[in-house]
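Contents: one structure, followed by commentary.
The values are calculated or read from the model by the stated rules, or taken from the named source; none is laboratory data. Bear in mind the structure is a predicted one, so any value in this text is a computation, not a measurement. As a convention, Cβ positions derive from the backbone with ideal geometry for all residues, glycine included, and neighbour counts pool all protein chains shown.
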Amino acid sequence: MNKLYLLGIIGLVVFLFFGQSSDMPTANLQVHNEDPYNEMDGSVGGRCLGGKCLTVYVAPWCPACKSLRPTIIDMVETLEKEGIEVKVIIGKDSQQATEQYAKSYPFPVLLDPQGNFFQKANQRGVPFFMVSDSKGKVVSQMAGGTTHIPTMREQLKI
């Protein structure tokens, strides 16, 4: 009986600390957009219009971010065709560096030079990936990444 009671307490503690999803942080960031017809706004986080949303955060000075850039571009194009909203945020560097790095992406991205969203997301390193649901809850996240898109999708559950 004591073992069963102890297992129940351990299970409750694990659920309380690891089982609950947190709210996706929200922010209104600057849009870097060379296409005047694109209607992307600067909002990120919160509720998704579809079932899931992916937020990717990279920094210009980060070697891993640079090596994952082609994978991120391919993944964004694939997921958006499937109706999954994706936002790429470039931050944690100067305004000039984030704007310059944004030019290497073939679609509009968000800029967070001061790292405000990064701090709200309570992250420690870049790149990082966060998946949220239609209610704005974080359902999975990953630091780092791999160049193999199916592996990333499996780890992120998207």
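Structure data summary
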{"read-out": "Sole exception among (1) under 16 Å from R69 (Cα atoms); (2) surrounded by 14 or more Cβ atoms within 10 Å (Cβ to Cβ); (3) not polar (S, T, N, Q) for H148, by number", "value": "(2)"}
{"read-out": "Subset of the range 33-82 (residues that are small (G, A, S), under 20 Å from R153 (Cα atoms) and modelled with pLDDT of 90 or more)", "value": "A64, S67"}
{"read-out": "Set P108, P127: member being at pLDDT below 95, more than 15 Å from C53 (Cα to Cα) and not charged (D, E, K, R)", "value": "P108"}
{"read-out": "Pair list, Cβ under 7 Å, 6 or more apart: the range 72-99 residue in contact (Cβ under 8 Å) with a residue 24 or more places away in the chain, other residue crowded, with 17+ Cβ neighbours inside 10 Å and basic (K, R)", "value": "I84/K52"}
{"read-out": "Single residue of the range 46-64 satisfying the filter (over 18 Å from Q119 (Cα atoms) and not small (G, A, S)) that is surrounded by the most Cβ atoms within 10 Å (Cβ to Cβ)", "value": "C53"}
{"read-out": "Strands (runs of 3 or more DSSP E) (entirely within the range 42-158) containing at least 2 residues that are under 13 Å from the mean Cα position of the chain (by Cα) and over 19 Å from H32 (Cα atoms)", "value": "52-58, 128-133, 138-143"}
{"read-out": "Filtered residue count, the range 112-145, keeping only those that are within 22 Å of S67 (Cα to Cα) and in contact with an Asp or Glu (Cβ under 7 Å, 6 or more places away or on another chain)", "value": "2"}
{"read-out": "Selection within the range 109-138 - surrounded by fewer than 18 Cβ atoms within 10 Å (Cβ to Cβ) and either in contact with a Lys or Arg (Cβ under 8 Å, 6 or more places away or on another chain) or at positive phi (or both)", "value": "G115, N122, D133, S134, K135, G136"}
